[in-house]
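Notes follow once the structure below has been shown.
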Amino acid sequence: MKLTSRLLRKIIEEEVGKFGKPEEPEDRAKDTEEVEADELGDDKVAAKHINYYKALKVEESRIRRRFSQIQEIKKKLAKRV
């Protein structure tokens, strides 16, 4: 089957028809709940960032240690050759 512009339009119209009627933003706004910015947990977000930073530092030190081990092995092998 060859994909012509007419066939493509028909397929697109069928797919768009499956979506249904789009909702208005005002209707969706009624379903939302207003909260204060303080309640969003700024402290929790900051704590997560700090914990992630600490975890990255630990991983960095582990990788640096492994890198120095690899360099030592390379030096020993270079002396053998």
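Throughout, read-outs are computed from the coordinates displayed, never taken from laboratory work. Everything quoted here is computed from the prediction, not taken from an experiment. Cβ coordinates were reconstructed from backbone atoms using ideal geometry, including for glycine residues, and neighbour counts include every protein chain displayed.
Results, tabulated for the structure shown:
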read-out: Full-stretch length increase - residue 15, residue 72 - with 0.36 nm per residue and alpha-carbon distance subtracted; value: 14.3 nm
read-out: Computed label-point distance, nm, for sites residue 45 and residue 23 using a 7 Å Cα→Cβ extension; value: 2.4
read-out: With Cα atoms, 0 to 90° folded angle of helix 42-80 axis to the chain main axis; value: 40
read-out: Euclidean distance of C-alpha centroids, segment 1-34 and segment 49-74, integer Å; value: 50
read-out: Spatially close lysines, pair count over the chain: Cα under 26 Å, gap of eight or more or interchain; value: 10
read-out: The chain, Cα convex hull volume normalised per residue, Å³; value: 247
read-out: Helix-only CD estimate at 222 nm, as mean residue ellipticity for the chain, using -39500 (n - 2.57) per DSSP H run (n ≥ 4); value: -26000 deg cm²/dmol
